[in-house]
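What follows is a single structure, written as C-alpha coordinates, with notes after it.
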Amino acid sequence: MAQKPSIPKGTRDFNPQEVAKRNYIFNTIRSQFEIFGFQPIETPSFENSDTLMGKYGEEGDRLIFKILNSGDYLGKVNDDLYNSKDSNKITSSISEKALRYDLTVPFARYVVQHQNEIDFPFKRYQIQPVWRADRPQKGRFREFYQCDADVVGSDSLWQEVEFVQLYDSVFTALQLEGVTIKINNRKILSGIAEVIGAQDKLIDFTVALDKLDKIGEEKVKDEMRGKEISEEGITKLQPLFTLKGNFGNQIEELKTILNASEEGKKGIEELEFINKGIASLGLKTAKLQLDVTLARGLNYYTGAIFEVAAPDGVKMGSIGGGGRYDDLTGIFGLKDMSGVGISFGLDRIALVLEDLDLFPETITNTVKVLFINFGEAEAMASMKAIKALRENGVSAELFPDNKNTKKQFNYADKRDIPYVVLLGESEMNNNVYTLKNMKTGDQQEVSLEQLIASLS
(Lines give C-alpha, C1' and ligand atoms only; values in the text may rest on other atoms or scores of the structure.)
Protein backbone atom coordinates (compact mmCIF):
# COMPACT_ATOMS: atom_id res chain seq x y z
CA MET A 1 0.00 0.00 0.00
CA ALA A 2 1.30 3.45 -0.93
CA GLN A 3 2.35 5.68 1.96
CA LYS A 4 -0.14 8.44 2.76
CA PRO A 5 1.55 11.79 2.01
CA SER A 6 2.01 14.28 4.85
CA ILE A 7 4.09 17.28 5.91
CA PRO A 8 5.83 17.96 9.24
CA LYS A 9 3.77 19.54 12.02
CA GLY A 10 4.09 23.29 12.10
CA THR A 11 4.55 23.61 8.32
CA ARG A 12 1.97 24.32 5.63
CA ASP A 13 1.24 24.05 1.93
CA PHE A 14 -0.17 27.19 0.29
CA ASN A 15 -2.63 27.13 -2.59
CA PRO A 16 -2.56 29.81 -5.35
CA GLN A 17 -5.08 32.02 -3.56
CA GLU A 18 -3.11 31.89 -0.31
CA VAL A 19 0.15 32.64 -2.11
CA ALA A 20 -1.50 35.64 -3.79
CA LYS A 21 -2.61 36.95 -0.39
CA ARG A 22 0.84 36.44 1.11
CA ASN A 23 2.45 38.19 -1.85
CA TYR A 24 0.09 41.12 -1.27
CA ILE A 25 1.49 41.45 2.26
CA PHE A 26 5.08 40.94 1.10
CA ASN A 27 4.73 43.60 -1.59
CA THR A 28 3.07 46.08 0.77
CA ILE A 29 5.79 45.68 3.40
CA ARG A 30 8.56 45.75 0.79
CA SER A 31 7.26 48.96 -0.76
CA GLN A 32 7.20 50.70 2.63
CA PHE A 33 10.69 49.43 3.48
CA GLU A 34 11.98 51.01 0.29
CA ILE A 35 10.07 54.26 0.83
CA PHE A 36 11.86 54.51 4.19
CA GLY A 37 15.26 53.96 2.50
CA PHE A 38 16.04 50.32 3.38
CA GLN A 39 18.05 48.12 0.98
CA PRO A 40 17.46 44.35 0.46
CA ILE A 41 19.89 41.56 1.35
CA GLU A 42 19.56 37.77 1.68
CA THR A 43 21.46 35.25 3.80
CA PRO A 44 21.61 31.41 3.69
CA SER A 45 18.80 29.30 5.13
CA PHE A 46 21.30 27.63 7.45
CA GLU A 47 24.28 28.98 9.37
CA ASN A 48 27.17 27.48 11.26
CA SER A 49 25.84 26.36 14.64
CA ASP A 50 28.25 28.54 16.58
CA THR A 51 26.84 31.59 14.75
CA LEU A 52 23.40 30.95 16.27
CA MET A 53 23.90 29.11 19.55
CA GLY A 54 24.08 31.23 22.70
CA LYS A 55 22.52 34.31 21.08
CA TYR A 56 18.86 33.82 22.05
CA GLY A 57 18.98 32.76 25.67
CA GLU A 58 18.44 29.28 27.07
CA GLU A 59 14.86 28.99 25.79
CA GLY A 60 15.77 30.18 22.30
CA ASP A 61 18.70 27.77 21.99
CA ARG A 62 16.35 24.83 22.60
CA LEU A 63 14.22 25.88 19.64
CA ILE A 64 17.01 25.89 17.06
CA PHE A 65 16.76 23.14 14.44
CA LYS A 66 20.12 21.35 14.16
CA ILE A 67 21.29 19.77 10.89
CA LEU A 68 23.10 16.42 11.09
CA ASN A 69 26.52 16.31 9.49
CA SER A 70 26.71 14.54 6.12
CA GLY A 71 27.95 10.97 5.88
CA ASP A 72 28.74 8.83 8.90
CA TYR A 73 28.11 11.56 11.48
CA LEU A 74 28.56 9.12 14.40
CA GLY A 75 31.92 7.91 13.19
CA LYS A 76 33.86 10.76 14.83
CA VAL A 77 32.12 10.48 18.21
CA ASN A 78 34.28 8.81 20.85
CA ASP A 79 32.83 5.78 22.64
CA ASP A 80 32.60 7.41 26.06
CA LEU A 81 30.56 10.32 24.71
CA TYR A 82 28.36 8.00 22.65
CA ASN A 83 27.70 5.68 25.59
CA SER A 84 26.79 8.59 27.86
CA LYS A 85 23.64 9.13 25.74
CA ASP A 86 23.75 12.84 26.63
CA SER A 87 22.18 14.50 23.58
CA ASN A 88 23.31 17.98 24.63
CA LYS A 89 26.97 16.92 24.75
CA ILE A 90 26.87 14.82 21.60
CA THR A 91 25.14 17.44 19.43
CA SER A 92 28.27 19.51 18.78
CA SER A 93 30.04 16.38 17.48
CA ILE A 94 27.33 15.35 15.02
CA SER A 95 25.90 18.72 13.96
CA GLU A 96 27.90 21.73 12.78
CA LYS A 97 25.08 23.65 11.07
CA ALA A 98 21.57 24.80 12.00
CA LEU A 99 18.56 26.40 10.37
CA ARG A 100 18.38 30.10 11.13
CA TYR A 101 16.16 31.00 14.11
CA ASP A 102 15.67 34.61 13.07
CA LEU A 103 17.12 37.14 10.62
CA THR A 104 18.82 39.46 13.13
CA VAL A 105 21.78 37.31 14.22
CA PRO A 106 22.55 36.29 10.60
CA PHE A 107 22.39 40.00 9.74
CA ALA A 108 24.95 40.77 12.47
CA ARG A 109 27.18 38.05 11.00
CA TYR A 110 26.68 39.56 7.53
CA VAL A 111 27.65 43.05 8.72
CA VAL A 112 30.87 41.83 10.32
CA GLN A 113 31.80 39.65 7.37
CA HIS A 114 31.13 42.40 4.81
CA GLN A 115 32.02 45.47 6.89
CA ASN A 116 34.55 46.76 4.34
CA GLU A 117 31.89 46.77 1.61
CA ILE A 118 29.18 48.55 3.63
CA ASP A 119 28.54 52.29 3.97
CA PHE A 120 27.40 53.04 7.51
CA PRO A 121 24.80 53.65 8.80
CA PHE A 122 23.50 50.66 6.85
CA LYS A 123 19.73 50.31 6.43
CA ARG A 124 18.77 46.84 5.29
CA TYR A 125 15.59 44.86 4.89
CA GLN A 126 15.26 41.11 4.56
CA ILE A 127 12.21 38.94 3.79
CA GLN A 128 13.01 35.24 4.22
CA PRO A 129 11.79 32.14 6.12
CA VAL A 130 13.05 31.12 9.57
CA TRP A 131 12.62 27.91 11.56
CA ARG A 132 11.89 27.19 15.21
CA ALA A 133 11.34 23.84 16.94
CA ASP A 134 8.33 25.26 18.77
CA ARG A 135 5.03 23.61 19.73
CA PRO A 136 2.66 24.36 16.83
CA GLN A 137 -0.59 26.19 17.59
CA LYS A 138 -2.73 28.90 16.00
CA GLY A 139 -0.44 31.67 14.82
CA ARG A 140 2.71 29.74 15.79
CA PHE A 141 4.53 27.66 13.21
CA ARG A 142 7.84 25.85 12.91
CA GLU A 143 8.52 27.37 9.51
CA PHE A 144 7.47 30.96 8.91
CA TYR A 145 8.56 34.16 7.21
CA GLN A 146 10.02 37.20 8.91
CA CYS A 147 10.13 40.62 7.30
CA ASP A 148 12.92 42.58 9.01
CA ALA A 149 14.25 46.10 8.75
CA ASP A 150 17.40 47.17 10.62
CA VAL A 151 19.75 50.12 10.86
CA VAL A 152 23.28 49.40 12.03
CA GLY A 153 26.03 51.94 12.64
CA SER A 154 24.00 54.66 14.39
CA ASP A 155 22.94 55.12 18.01
CA SER A 156 20.58 58.00 17.19
CA LEU A 157 17.13 57.68 18.76
CA TRP A 158 15.62 59.15 15.59
CA GLN A 159 15.92 55.60 14.25
CA GLU A 160 13.48 54.37 16.90
CA VAL A 161 11.12 57.21 16.01
CA GLU A 162 11.31 56.17 12.34
CA PHE A 163 10.60 52.53 13.16
CA VAL A 164 7.42 53.47 15.01
CA GLN A 165 6.40 55.43 11.91
CA LEU A 166 7.32 52.49 9.68
CA TYR A 167 5.08 50.14 11.66
CA ASP A 168 2.27 52.69 11.37
CA SER A 169 2.78 53.12 7.62
CA VAL A 170 2.81 49.39 6.86
CA PHE A 171 -0.30 48.54 8.87
CA THR A 172 -2.12 51.57 7.49
CA ALA A 173 -1.24 50.46 3.93
CA LEU A 174 -2.64 47.01 4.79
CA GLN A 175 -5.80 48.74 6.11
CA LEU A 176 -5.14 47.06 9.46
CA GLU A 177 -6.09 50.01 11.62
CA GLY A 178 -5.90 50.21 15.40
CA VAL A 179 -2.77 48.15 16.06
CA THR A 180 -0.91 48.93 19.28
CA ILE A 181 2.85 49.48 19.13
CA LYS A 182 4.06 48.58 22.60
CA ILE A 183 7.42 49.97 23.69
CA ASN A 184 9.73 49.48 26.65
CA ASN A 185 13.45 49.89 27.27
CA ARG A 186 15.93 47.27 28.43
CA LYS A 187 17.65 49.91 30.57
CA ILE A 188 14.44 50.28 32.54
CA LEU A 189 14.34 46.52 33.08
CA SER A 190 17.98 46.62 34.19
CA GLY A 191 17.12 49.49 36.53
CA ILE A 192 14.23 47.54 38.03
CA ALA A 193 16.48 44.50 38.53
CA GLU A 194 18.97 46.78 40.26
CA VAL A 195 16.34 48.30 42.55
CA ILE A 196 15.06 44.86 43.66
CA GLY A 197 18.59 43.53 44.14
CA ALA A 198 18.50 41.06 41.25
CA GLN A 199 21.15 42.50 38.92
CA ASP A 200 22.76 39.08 38.53
CA LYS A 201 19.43 37.55 37.51
CA LEU A 202 18.42 40.06 34.83
CA ILE A 203 17.72 37.44 32.16
CA ASP A 204 15.72 35.24 34.57
CA PHE A 205 13.78 38.29 35.71
CA THR A 206 12.99 39.55 32.20
CA VAL A 207 12.06 36.11 30.84
CA ALA A 208 9.54 35.71 33.68
CA LEU A 209 8.19 39.25 33.36
CA ASP A 210 7.70 38.82 29.60
CA LYS A 211 5.14 36.06 30.33
CA LEU A 212 2.78 38.30 32.29
CA ASP A 213 0.13 38.44 29.54
CA LYS A 214 0.29 34.67 29.03
CA ILE A 215 0.36 33.24 32.55
CA GLY A 216 -0.73 36.08 34.84
CA GLU A 217 0.77 37.94 37.80
CA GLU A 218 0.85 35.13 40.38
CA LYS A 219 2.52 32.58 38.10
CA VAL A 220 5.09 35.20 37.07
CA LYS A 221 5.89 35.73 40.74
CA ASP A 222 6.12 31.96 41.27
CA GLU A 223 8.57 31.69 38.38
CA MET A 224 10.67 34.49 39.87
CA ARG A 225 10.71 32.70 43.20
CA GLY A 226 11.88 29.59 41.36
CA LYS A 227 14.78 31.66 40.04
CA GLU A 228 15.63 32.67 43.65
CA ILE A 229 14.50 36.28 43.39
CA SER A 230 13.77 37.42 46.95
CA GLU A 231 10.29 38.07 48.36
CA GLU A 232 11.41 41.61 49.20
CA GLY A 233 12.37 42.17 45.58
CA ILE A 234 9.09 40.74 44.29
CA THR A 235 7.19 43.05 46.67
CA LYS A 236 9.05 46.05 45.25
CA LEU A 237 7.86 44.96 41.77
CA GLN A 238 4.18 45.29 42.72
CA PRO A 239 3.74 48.81 41.25
CA LEU A 240 4.73 47.44 37.84
CA PHE A 241 1.80 45.03 37.79
CA THR A 242 -0.68 47.84 38.39
CA LEU A 243 0.93 50.63 36.35
CA LYS A 244 -1.88 52.52 34.57
CA GLY A 245 -2.52 55.71 32.66
CA ASN A 246 -1.12 57.24 29.48
CA PHE A 247 2.50 57.25 28.37
CA GLY A 248 3.37 60.40 30.32
CA ASN A 249 1.72 59.28 33.55
CA GLN A 250 3.51 55.92 33.48
CA ILE A 251 6.84 57.67 32.87
CA GLU A 252 6.31 59.84 35.96
CA GLU A 253 5.60 56.76 38.08
CA LEU A 254 8.69 55.05 36.71
CA LYS A 255 10.81 58.06 37.69
CA THR A 256 9.75 57.47 41.29
CA ILE A 257 10.36 53.71 41.16
CA LEU A 258 13.77 54.07 39.46
CA ASN A 259 15.00 57.15 41.30
CA ALA A 260 17.99 55.23 42.69
CA SER A 261 19.08 53.70 39.35
CA GLU A 262 21.18 55.69 36.87
CA GLU A 263 20.66 52.99 34.23
CA GLY A 264 16.90 53.16 34.74
CA LYS A 265 16.96 56.96 34.38
CA LYS A 266 18.74 56.63 31.02
CA GLY A 267 15.98 54.31 29.84
CA ILE A 268 13.33 56.82 30.89
CA GLU A 269 15.12 59.62 28.98
CA GLU A 270 15.21 57.50 25.83
CA LEU A 271 11.52 56.64 26.07
CA GLU A 272 10.65 60.31 26.62
CA PHE A 273 12.59 61.28 23.46
CA ILE A 274 10.74 58.70 21.34
CA ASN A 275 7.35 59.62 22.77
CA LYS A 276 7.96 63.35 22.21
CA GLY A 277 9.01 62.69 18.59
CA ILE A 278 5.92 60.60 17.83
CA ALA A 279 3.62 63.06 19.60
CA SER A 280 4.96 65.82 17.36
CA LEU A 281 4.97 63.83 14.09
CA GLY A 282 1.75 61.92 14.72
CA LEU A 283 0.63 58.44 13.65
CA LYS A 284 -1.95 57.63 10.98
CA THR A 285 -3.83 54.66 12.46
CA ALA A 286 -1.62 52.97 15.07
CA LYS A 287 -1.19 53.92 18.73
CA LEU A 288 2.00 53.95 20.80
CA GLN A 289 1.76 52.46 24.29
CA LEU A 290 4.31 52.12 27.08
CA ASP A 291 4.39 48.59 28.53
CA VAL A 292 6.97 48.17 31.28
CA THR A 293 6.30 44.41 31.49
CA LEU A 294 7.43 44.00 27.89
CA ALA A 295 10.72 42.16 28.16
CA ARG A 296 11.09 39.89 25.13
CA GLY A 297 13.47 37.32 26.61
CA LEU A 298 16.20 37.74 24.01
CA ASN A 299 19.67 38.38 25.29
CA TYR A 300 20.73 40.97 22.74
CA TYR A 301 18.38 43.93 23.30
CA THR A 302 20.03 46.81 25.16
CA GLY A 303 17.70 49.79 24.60
CA ALA A 304 14.22 50.20 23.15
CA ILE A 305 12.04 47.08 22.87
CA PHE A 306 9.05 46.94 20.50
CA GLU A 307 6.09 44.61 20.19
CA VAL A 308 3.00 45.09 18.03
CA ALA A 309 -0.44 43.83 19.08
CA ALA A 310 -3.34 43.27 16.68
CA PRO A 311 -6.40 45.54 16.97
CA ASP A 312 -8.62 45.09 20.03
CA GLY A 313 -10.91 42.08 19.77
CA VAL A 314 -8.53 40.00 17.65
CA LYS A 315 -7.07 37.04 19.53
CA MET A 316 -3.53 36.76 18.24
CA GLY A 317 -0.01 36.90 19.62
CA SER A 318 2.34 39.69 18.63
CA ILE A 319 2.40 40.53 14.90
CA GLY A 320 5.71 42.38 15.07
CA GLY A 321 8.58 43.16 17.38
CA GLY A 322 12.17 44.34 17.68
CA GLY A 323 14.51 46.61 19.54
CA ARG A 324 17.92 48.23 20.00
CA TYR A 325 21.03 46.06 20.23
CA ASP A 326 24.14 48.08 21.01
CA ASP A 327 26.60 45.20 21.06
CA LEU A 328 25.22 42.48 18.77
CA THR A 329 28.04 42.63 16.22
CA GLY A 330 30.53 42.50 19.09
CA ILE A 331 29.86 38.78 19.43
CA PHE A 332 31.43 38.42 15.98
CA GLY A 333 34.39 40.69 16.68
CA LEU A 334 33.12 44.11 15.56
CA LYS A 335 32.84 46.39 18.60
CA ASP A 336 30.94 49.66 19.08
CA MET A 337 28.45 49.05 16.26
CA SER A 338 25.01 50.00 17.52
CA GLY A 339 21.91 48.80 15.73
CA VAL A 340 18.14 48.79 15.98
CA GLY A 341 15.59 46.78 14.05
CA ILE A 342 12.01 45.57 13.81
CA SER A 343 10.28 42.53 12.36
CA PHE A 344 6.84 41.87 10.88
CA GLY A 345 5.23 38.48 11.51
CA LEU A 346 3.92 37.69 8.01
CA ASP A 347 1.99 34.56 8.94
CA ARG A 348 0.17 36.10 11.87
CA ILE A 349 -0.57 39.27 9.90
CA ALA A 350 -2.14 37.08 7.20
CA LEU A 351 -4.35 35.37 9.79
CA VAL A 352 -5.46 38.74 11.20
CA LEU A 353 -6.27 40.13 7.74
CA GLU A 354 -8.23 36.95 7.01
CA ASP A 355 -10.17 37.14 10.28
CA LEU A 356 -11.07 40.79 9.64
CA ASP A 357 -11.80 40.25 5.92
CA LEU A 358 -9.27 42.92 4.91
CA PHE A 359 -7.75 41.28 1.84
CA PRO A 360 -8.72 43.13 -1.37
CA GLU A 361 -10.98 41.04 -3.58
CA THR A 362 -8.80 41.57 -6.67
CA ILE A 363 -5.55 40.12 -5.41
CA THR A 364 -6.40 36.49 -6.20
CA ASN A 365 -7.32 37.13 -9.85
CA THR A 366 -4.14 35.83 -11.45
CA VAL A 367 -5.65 35.54 -14.95
CA LYS A 368 -7.86 38.24 -16.43
CA VAL A 369 -9.19 36.48 -19.52
CA LEU A 370 -9.61 32.89 -20.72
CA PHE A 371 -9.97 32.00 -24.42
CA ILE A 372 -12.37 29.13 -25.09
CA ASN A 373 -10.85 26.34 -27.18
CA PHE A 374 -13.01 25.43 -30.23
CA GLY A 375 -10.37 23.45 -32.14
CA GLU A 376 -6.89 23.62 -33.64
CA ALA A 377 -7.47 26.52 -36.06
CA GLU A 378 -9.38 28.58 -33.51
CA ALA A 379 -6.75 27.83 -30.85
CA MET A 380 -3.95 29.12 -33.11
CA ALA A 381 -5.89 32.34 -33.79
CA SER A 382 -6.54 32.66 -30.05
CA MET A 383 -2.85 32.21 -29.23
CA LYS A 384 -1.97 35.11 -31.56
CA ALA A 385 -4.47 37.34 -29.73
CA ILE A 386 -3.17 36.08 -26.36
CA LYS A 387 0.37 37.00 -27.38
CA ALA A 388 -0.77 40.54 -28.21
CA LEU A 389 -2.62 40.85 -24.89
CA ARG A 390 0.39 39.64 -22.90
CA GLU A 391 2.62 42.13 -24.69
CA ASN A 392 0.26 44.82 -23.41
CA GLY A 393 0.46 43.56 -19.83
CA VAL A 394 -2.80 41.59 -19.76
CA SER A 395 -2.72 38.13 -18.15
CA ALA A 396 -4.43 35.77 -20.60
CA GLU A 397 -4.51 32.07 -21.37
CA LEU A 398 -6.10 29.49 -23.66
CA PHE A 399 -7.97 26.51 -22.28
CA PRO A 400 -5.57 23.83 -23.53
CA ASP A 401 -8.04 21.11 -24.49
CA ASN A 402 -10.93 21.16 -26.99
CA LYS A 403 -13.49 20.00 -24.44
CA ASN A 404 -17.18 20.65 -23.90
CA THR A 405 -17.72 24.44 -23.85
CA LYS A 406 -19.71 24.25 -20.61
CA LYS A 407 -16.76 22.59 -18.86
CA GLN A 408 -14.47 25.40 -20.06
CA PHE A 409 -16.85 28.05 -18.69
CA ASN A 410 -17.04 26.16 -15.38
CA TYR A 411 -13.23 26.19 -15.26
CA ALA A 412 -13.25 29.98 -15.67
CA ASP A 413 -15.88 30.25 -12.90
CA LYS A 414 -13.92 28.11 -10.45
CA ARG A 415 -10.76 30.15 -11.03
CA ASP A 416 -12.62 33.45 -10.72
CA ILE A 417 -11.45 34.54 -14.17
CA PRO A 418 -13.47 37.71 -14.86
CA TYR A 419 -13.57 37.57 -18.68
CA VAL A 420 -13.92 34.91 -21.37
CA VAL A 421 -13.26 35.32 -25.11
CA LEU A 422 -15.05 33.20 -27.69
CA LEU A 423 -13.21 32.97 -30.99
CA GLY A 424 -15.10 30.46 -33.11
CA GLU A 425 -15.53 30.04 -36.84
CA SER A 426 -18.01 32.93 -37.10
CA GLU A 427 -15.76 35.35 -35.20
CA MET A 428 -12.74 34.34 -37.29
CA ASN A 429 -14.65 34.96 -40.53
CA ASN A 430 -15.66 38.44 -39.31
CA ASN A 431 -12.27 39.20 -37.71
CA VAL A 432 -13.88 39.93 -34.31
CA TYR A 433 -13.77 38.54 -30.76
CA THR A 434 -16.75 37.92 -28.48
CA LEU A 435 -15.82 39.25 -25.04
CA LYS A 436 -17.99 38.02 -22.16
CA ASN A 437 -18.08 39.45 -18.63
CA MET A 438 -18.39 36.42 -16.35
CA LYS A 439 -19.96 38.38 -13.49
CA THR A 440 -22.66 40.27 -15.40
CA GLY A 441 -23.11 37.90 -18.32
CA ASP A 442 -22.84 40.82 -20.77
CA GLN A 443 -20.98 40.13 -24.00
CA GLN A 444 -19.97 42.15 -27.04
CA GLU A 445 -18.11 41.74 -30.32
CA VAL A 446 -14.87 43.73 -30.45
CA SER A 447 -11.79 44.09 -32.64
CA LEU A 448 -8.36 43.08 -31.36
CA GLU A 449 -7.52 46.71 -30.63
CA GLN A 450 -10.77 47.14 -28.71
CA LEU A 451 -10.14 43.86 -26.87
CA ILE A 452 -6.72 45.06 -25.73
CA ALA A 453 -8.13 48.45 -24.71
CA SER A 454 -11.01 46.85 -22.77
CA LEU A 455 -8.76 44.52 -20.78
CA SER A 456 -5.72 46.76 -20.25
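Sequence-ordered 3J(HN,Hα) estimates for the range 222-235 from the Karplus curve with 6.51, -1.76 and 1.60 and θ = phi - 60° stand at 4, 5, 5, 4, x, 9, 6, 7, 5, 4, 4, x, 5, 5 Hz, glycine and proline given as x.
Would you work out if the range 149-231 is rounded, prolate or oblate? Take a ≥ b ≥ c from the square roots of the eigenvalues of the alpha-carbon gyration tensor; rounded if a/c is under 1.5, else prolate when a/b is larger than b/c, oblate otherwise. Taking the square roots of the gyration eigenvalues as a ≥ b ≥ c, the range 149-231 is oblate.
Each peptide among 422-433, 49-60 gets the average number of other Cβ atoms lying within 10 Å of its residues, and from highest to lowest they stand as 49-60, 422-433. Shape class for the chain: prolate, because the ratio a/c of the largest to smallest gyration tensor axis (alpha-carbon atoms, square roots of eigenvalues) is 1.5 or more and a/b beats b/c.
Please label the shape of the range 211-350 as rounded, prolate or oblate, based on the square roots a ≥ b ≥ c of the eigenvalues of the alpha-carbon gyration tensor (a/c under 1.5 means rounded; beyond that, a/b larger than b/c means prolate, else oblate). The shape class here is rounded.
One decimal place: the segment L68-K335 gains 92.9 nm when fully extended, by the rule 0.36 nm per residue minus the C-alpha distance. Can you compute the FRET efficiency between N23 and M316 using 1/(1 + (r/R0)^6), with r the Cβ-Cβ distance and R0 = 25 Å? Round to the nearest 0.05. The computed FRET efficiency comes out at 0.75. Maximal additional length on extending the S93-K214 stretch stands at 39.9 nm, based on 0.36 nm per residue less the C-alpha distance.
What distance in nm separates the simple spin-label points at K414 and T43, each placed 7 Å from Cα in the Cβ direction? Computed distance between label sites K414 and T43 equals 4.4 nm. Taking amide H as placed 1.01 Å from N in the peptide plane, the amide H of V130 sits under 5 Å from that of F144, Y145, Q146, each at least 5 places away or on another chain. Stretched out straight at 0.36 nm per residue, the stretch from S447 to L281 would grow longer than its current Cα-Cα span by 54.4 nm.
For the pair E143 and H114, a Förster radius of 25 Å applied to the C-beta separation gives a FRET efficiency near 0.40, rounded to the nearest 0.05.
Relative contact order for the chain: what percent, with Cα pairs under 8 Å and sequence separation of 6 or more? Across the chain, relative contact order equals 16 percent. Per residue, the range 262-348 exposes 40 Å² of accessible surface when a 1.4 Å probe is rolled over the protein heavy atoms with every protein chain present. Take 8-16, 342-350, 263-271, 34-42 and order them by the average number of nearby Cβ atoms within 10 Å per residue, most first; the result is 342-350, 263-271, 34-42, 8-16.
Surface analysis of the range 364-456 yields an accessible area of 58 Å² per residue, using protein heavy atoms and a 1.4 Å probe. Here the accessible area is traced with a 1.4 Å probe on the protein chains. For the chain, carbon and sulfur cover 47 percent of it. When peptides 412-421, 382-391, 353-362 are ranked by their average number of other Cβ atoms within 10 Å per residue, the highest-first order is 412-421, 382-391, 353-362. Of the cross-linked pairs K368/K436; K211/K284; K187/K211; K55/K97, those separated by over 21 Å at the C-alpha level are K211/K284.
The values are calculated or read from the model by the stated rules, or taken from the named source; none is laboratory data. Just so you know, these numbers come straight off a predicted model, no measurement behind them. Backbone-built Cβ (ideal geometry, glycine too); neighbour counts: all protein chains shown. All accessible areas refer to the heavy atoms of the entire protein, side chains included, with ligands and DNA or RNA removed. Shrake-Rupley method; radii C 1.70, N 1.55, O 1.52, S 1.80 Å.
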